[in-house]
């Protein structure tokens, strides 16, 4: 497969590139220096020149709190630019896989969210990512994921490992629940969805549901540190309060993957242990 990967230097994009190369694909890695996805003519020319079979869009403005005060830029990157990428892919006959997020939901549902549940984002980030899903179009694969961690970029695992190197108590919220998802497992599934041209929305997460407090305990345990160093707090107790609201329930049911016969991604504790070993 000949594949363009946007956001190629990011946390997820770097592992998508690595996995596609390992699978024998001809990969055109487009990082921010190579391609400005907010430049429509540049996007169209880049994809036309690349002549890909697939485009995997891992580029996004993911600074959730910063989105609250940079709405126009967030909408440009997460929304309008996705439409340009989608149009360019269609012109090239390429299948688009676009990565989205649990933040398109408000987090109030009392069960895991399925692909056909109605989105109701509460943050600017969620609003702009939903706009991106709509801009990608019905022919694209929309891969919603959550709580992403990997070897590249900043994430919760790296934060906890830094904090664990110090002394004292740690405090994390216990009233937000989700499925930690690891780029080492997400990347192969994104490639498979691209190969299969699996149109429509798919929830793609590792298995296992935890709160942030419980997840931090798992990170500490994987690193050989003492999980009892962390105590639970509520979101209301966070100081300072976060500008962007977080969904209390971020659990995504991988319903469509199951229906389509795809294997479930591993329980998150397996890739967590692998990532901690890499980072330690």
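The values are calculated or read from the model by the stated rules, or taken from the named source; none is laboratory data. Note that the structure is a prediction, hence the values are computed from the model and not measured. We place every Cβ from the backbone using ideal geometry, glycine too, and count neighbours over all the protein chains shown.
Some notes on this structure:
- Test result for residue 97, part of a helix (DSSP H, G or I), touching a helix residue (DSSP H, G or I) at 6+ places or on another chain (Cβ under 7 Å) and at pLDDT 95 or above: no
- Hey, residue 242 at pLDDT below 95, farther than 21 Å from residue 54 by Cβ and surrounded by fewer than 20 Cβ atoms within 10 Å (Cβ to Cβ) or not: yes
- The number of residues in the range 1-32 being in a strand (DSSP E or B), without any contact (Cβ under 8 Å) to a residue 40 or more places away in the chain and surrounded by 24 or more Cβ atoms within 10 Å (Cβ to Cβ) comes to 1.
- All of (1) assigned to a helix (DSSP H, G or I); (2) within 18 Å of the chain's Cα centre (by Cα); (3) under 25 Å from residue 240 (Cα atoms) hold for residue 78 with one exception: (3).
- Residue in the range 63-81 that is in contact with a strand residue (DSSP E or B) (Cβ under 8 Å, 6 or more places away or on another chain) and crowded, with 16+ Cβ neighbours inside 10 Å present: no
- Listed by position, the strands (runs of 3 or more DSSP E) enclosed by the range 164-266 that each have at least 1 residues that are touching a residue at least 40 places away in the same chain (Cβ under 8 Å) and within 21 Å of residue 145 (Cβ to Cβ) are 170-173, 200-203.
- Inclusion of residue 43 among residues that are touching a strand residue (DSSP E or B) at 6+ places or on another chain (Cβ under 7 Å) and not in a strand (DSSP E or B) is not warranted.
- Where a residue in the range 95-116 is on the phi > 0 side of the Ramachandran plot and in contact (Cβ under 8 Å) with a residue 40 or more places away in the chain and its partner, wherever it lies, is assigned to a loop (DSSP other than H, G, I, E, B) and buried (at least 24 other Cβ atoms within 10 Å of the Cβ), with Cβ under 7 Å and at least six apart: 107/247
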